[in-house]
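A.B. asks: This structure is in structure tokens; I'll ask about it shortly.
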Amino acid sequence: MGFQDSARTILSELDALLSQVSEEEVERAITLIEGADKIFFHALGRAGFAGKSFVMRLMHMGREVYVLGETNTPNFGPDDLLVICSGSGATKQFVDIAEKAHALGGKVLVFTGTPGSPLASMAEGTITLKAPSKHQQDSAFTSVQPMASLFEQGILIAGDAIVLTMMERSSSNEEMFSRHSNLE
């Protein structure tokens, strides 16, 4: 398979994946984002890179956002939102952090490929991306791409689509550029 065929395959898989994302889930996610005082993000690996792109755009929209583990991350409190990206939805570290966020009075939004997972069950909002886990033999979904590539790509595109949906209601591109980094 050549490059163009590979690119078309990836785009076809993404189209199938994103067409299954529930409008109700997206509206609930937007409500959680808009209702949060501060937004905190946590994920690992490539899912973390894709998710950071999403929260960066939320910052461009004027939201106060933080990545867990960074030195400038403040305390989490009531009315804050924790966004987690986890294909399995069962990573113990993520479940523990979500439980702590609830104990502190906050809410949780999860991007996951596993609708019935512990994280999905405890979250106030879920974006379900029905893509394979990194262990494809354990997944009900299939992809020709390696490991969790489709899930990670889905986070990036779904996040951008959520931001675009929010922009249509409240922000302009010019407004967002005014918050873009200028120490380049």
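The values are calculated or read from the model by the stated rules, or taken from the named source; none is laboratory data. Worth saying up front: this structure is predicted, and the values here are computed from it rather than measured. Backbone-built Cβ (ideal geometry, glycine too); neighbour counts: all protein chains shown. Surface accessibility is based on the protein's heavy atoms, side chains included, excluding ligands, DNA and RNA. Shrake-Rupley method; radii C 1.70, N 1.55, O 1.52, S 1.80 Å.
A.B. asks: Name the one entry in L129, L164 that is surrounded by 14 or more Cβ atoms within 10 Å (Cβ to Cβ) and modelled with pLDDT of 85 or more.
C.D. replies: On the way: L164 fails: surrounded by 14 or more Cβ atoms within 10 Å (Cβ to Cβ).
Result: L129 is the single residue among L129, L164 that is surrounded by 14 or more Cβ atoms within 10 Å (Cβ to Cβ) and modelled with pLDDT of 85 or more.
A.B. asks: Only residues in the stretch 88-115 that are over 21 Å from F54 (Cα atoms) and of a type in the set (G, A, S) count as the first member; pair them with residues that are open to solvent by 70 Å² or more (accessible area, probe 1.4 Å) and assigned to a loop (DSSP other than H, G, I, E, B), Cβ under 8 angstrom, at least 6 apart or cross-chain, and list the lot.
C.D. replies: So the pair list comes out as G105/P78; G105/D79.
A.B. asks: Still on this model: Pairs please, first residue from the stretch 158-174 and on the phi > 0 side of the Ramachandran plot, second anywhere and modelled with pLDDT under 85 and β-branched (V, I, T), Cβ atoms under 9 Å, 6+ apart in sequence or on different chains.
C.D. replies: Pairs found: none.
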